[in-house]
Structures are given as C-alpha cells and as structure tokens.
Amino acid sequence: MPYDYEKTHESILESAMKSFTAEGFRNASIRNICREAGVTNGAFYAHFKSKDDLFSTLVEDCLNKFKENYNGFNDINVESPEDIPELFRMSYVSVEILIHYIYEHRDVFMLILKCSGGSSYESFVEDLIHEESRNTMDFFEKCSKYMTKPGNISERLAGIGSALVINLMFDAFAKGVSEEENIRETRISSEFCIAGYREILGF
C-alpha cells in the first residue's frame, strides 16, 4: 500500500489534538500520539521537527488570523480631539470581533489557554497583555496634546487597563461564559477603564 503523506499528517494532528486536550502539552508524549495515529516515531519526524512544532501546527494559523484582526485595530491616527470618542467606539467594536473569533475557534483557544503549559505558546495571554499595553501607551502619546494632565501617562497605568480587559475576556471564555455575556462584561470593563483614563489624564 503506497504511503499517503497527507493522510498520515492529518492522523498525527487528530491524535495530537486529543492527547494535548486530555493530558496537556507537557504530559503528552510523541510515542502515544504516534500509537494513537497508527504511525511510527520515524514517520512523525518526517512531518514535524518536535512536539512543540506539532503543537504550533495545530494553533498557528488560527493565532495568525487573530493577530491580523488585532493589529488592524491598532493602526490609528489622532488628528483632533473629536477623533478620540470615535477611537473609543472602535475599541468596543474590536473587542466584540475578537471575542467572536475566539468563540468561533473554541477548540484552538481552549488548547492554548488550558493545555499549552511547557510549549512556546504558554505565555500567549501575557504576551498579548504586553502588546496591548504598548498600544495603549502609543494611543496616550498620540492623544497627549489634547490632555489636561499628560504628566500622568505611565506604562503601569496602561498595563492595568490592558490586563483587566484581556484577562476578563479570556477568563470568561475559559470558564464557559456565553459569547454574549463575555462581550457585555468585557465592554463594561472597557468602559470602566476609559472612564478612569479620562479622569486621570484629562481628555
């Protein structure tokens, strides 16, 4: 019987998804993944460089599209004070779109949030918080000429709001909160942060 590369590849991926979900990345073994897939360890290495490479194959395309959506919402210009309320409105829209994407790709994001310990994706949420904090700082700096208290701008302040919104969004998802309720709660947390920023920074 001729060797079917694509079928073997898919069998390994299906087996890996089951193993990582059941045992987590750290405890799942290549040997057991191969046994479940009905392939040899040698065949595994014809398809993947390592267990981490296998995990990456399961999640990378989905995460790249998530990041494309996320990055698209951060390409902003502030040319007048009137731009600021519109940018806040866009932040609500962006949160809803990202949450919808997460729920559309539930299996992948559950794998990342609950099963990625020991993999190169274990700090995904923390990395996203750091990126959001940098983007928030960039936004503050673009708005600073319209603020009455620009001296209050700080990385720590940007980080507090970023961590609140992103942790709430992913924690709600991981705990089985509905998409609609997640959007509602995350929007409330965003409004809380925005109100605080307005008061502290004066815009």
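The values are calculated or read from the model by the stated rules, or taken from the named source; none is laboratory data. Here the structure is a predicted model, which is why all the values come from computation and not from measurement. Quick reminder, even Gly has a Cβ in these numbers, built from the backbone with ideal geometry, and neighbours come from all protein chains shown.
Here are the numbers for this structure:
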{"quantity": "Matching residues in segment 136-152 - criterion: being within 26 Å of Glu185 (Cα to Cα) and crowded, with 17+ Cβ neighbours inside 10 Å", "calculated": "Thr136, Met137, Phe139, Phe140"}
{"quantity": "Given (1) in contact (Cβ under 8 Å) with a residue 40 or more places away in the chain; (2) assigned to a helix (DSSP H, G or I), index of the condition Ile76 fails", "calculated": "(2)"}
{"quantity": "Selected residue (criterion: nearest to Lys114 (Cα to Cα)) from residues of segment 150-203 that are part of a loop (DSSP other than H, G, I, E, B) and touching a Phe, Trp or Tyr at 6+ places or on another chain (Cβ under 6 Å)", "calculated": "Ile153"}
{"quantity": "Of all residues making up segment 162-183, the number that are under 14 Å from His105 (Cα atoms), among the aliphatic types (A, V, I, L, M) and crowded, with 20+ Cβ neighbours inside 10 Å", "calculated": "0"}
{"quantity": "Residues (under 14 Å from the mean Cα position of the chain (by Cα) and touching a residue at least 24 places away in the same chain (Cβ under 8 Å)) located in segment 165-203", "calculated": "Val165, Ile166, Asn167, Met169, Phe170, Phe173, Ala174"}
{"quantity": "Which numbered condition Ser133 fails, given (1) farther than 30 Å from Gly24 by Cβ; (2) modelled with pLDDT of 90 or more; (3) assigned to a helix (DSSP H, G or I)", "calculated": "(1)"}
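Matching residues to (1) over 20 Å from Gly118 (Cβ atoms); (2) not in a loop (DSSP other than H, G, I, E, B):
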position: Phe20; (1), (2): no, yes
position: Gly24; (1), (2): no, yes
position: Glu36; (1), (2): no, yes
position: His47; (1), (2): yes, no
position: Asp53; (1), (2): no, yes
position: Glu68; (1), (2): yes, yes
position: Ile84; (1), (2): yes, yes
position: Asp107; (1), (2): no, yes
